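For reference, the structure discussed in these notes is given below.
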Amino acid sequence: QVQLVESGGGLVQAGGSLRLSCAASGSYRRIFAMGWYRQAPGKERELVSIALGGGSTNYDDSVRGRFSIARDNAKSTAHLQMNSLKPEDTAVYYCFLDAPAGRPWGQGTQVTVSS
């Protein structure tokens, strides 16, 4: 059974930076993708960024140019570097992993950006 453990997050002022990490444990044969969703109070969960096989990445328009995702296939980890943070980036961030057995989720980590 794959489990995801998230780290990082916290409170930062607008314009600051944070780095989220996601580590997968357990056995699996193949990982198709890793990434993050986020959910702000009163809003639906939205995809922030995804790192696909072969090194391709994608970002929501709201974070493109400010966030950067990196995936380490050998270690089954992913990192989300978040720069130039804005108050509207405040949310709980959830990492995920897509594998043949399904999509496990991380426990979520709070990111709060003060103005």
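The values are calculated or read from the model by the stated rules, or taken from the named source; none is laboratory data. This structure is a prediction, so every number in the text was calculated from the model and none was measured. In this analysis, Cβ positions are derived from the backbone assuming ideal geometry, glycine residues included, and neighbour counts consider all displayed protein chains. Surface areas here come from the heavy atoms of the whole protein model, side chains and all, with no ligands, DNA or RNA. Shrake-Rupley method; radii C 1.70, N 1.55, O 1.52, S 1.80 Å.
Treat each spin label as a single point 7 Å out from the Cα along the C-beta direction, and report the D61 to E46 distance in nm.
Placing both labels 7 Å along Cα→Cβ, they lie 1.0 nm apart.
How high is the relative contact order of the chain, in percent, with contacts defined as C-alpha pairs under 8 Å that are six or more residues apart?
In percent, rounded to a whole number, it is 37.
Just flag the GluC sites (Glu not before Pro) in segment 10-115 sitting in loop per DSSP whose Cβ has no more than 12 other Cβ atoms within 10 Å.
Sparse-neighbourhood loop GluC sites (Glu not before Pro): E44.
Report for the chain the percent antiparallel among DSSP-assigned beta bridges with both residues inside it, nearest 5.
Working: 38 of 43 bridges.
If we restrict to bridges inside the chain, about 90 percent are antiparallel.
Taking every DSSP beta bridge that has both residues in segment 19-81, what percent is antiparallel when rounded to the nearest 5?
Close to 95 percent.
Per residue, how much accessible surface does the chain expose to a 1.4 Å probe? Answer in Å², no decimals.
Each residue of the chain exposes 54 Å² on average to a 1.4 Å probe.
In whole percent, how big is the carbon plus sulfur part of the accessible area of segment 14-74, probe 1.4 Å, protein atoms only?
Here it works out to 46 percent.
Subtracting the Cα-Cα distance from 0.36 nm times the residue separation, let me have the gained length for S114 to F32 in nm, one decimal.
26.0 nm
Is there a quick way to get the dipole size of the chain? I mean about its Cα centre, with the Cβ of Lys and Arg at +1 and of Asp and Glu at -1; what is the value in debye to the nearest 20?
It works out to roughly 240 debye.
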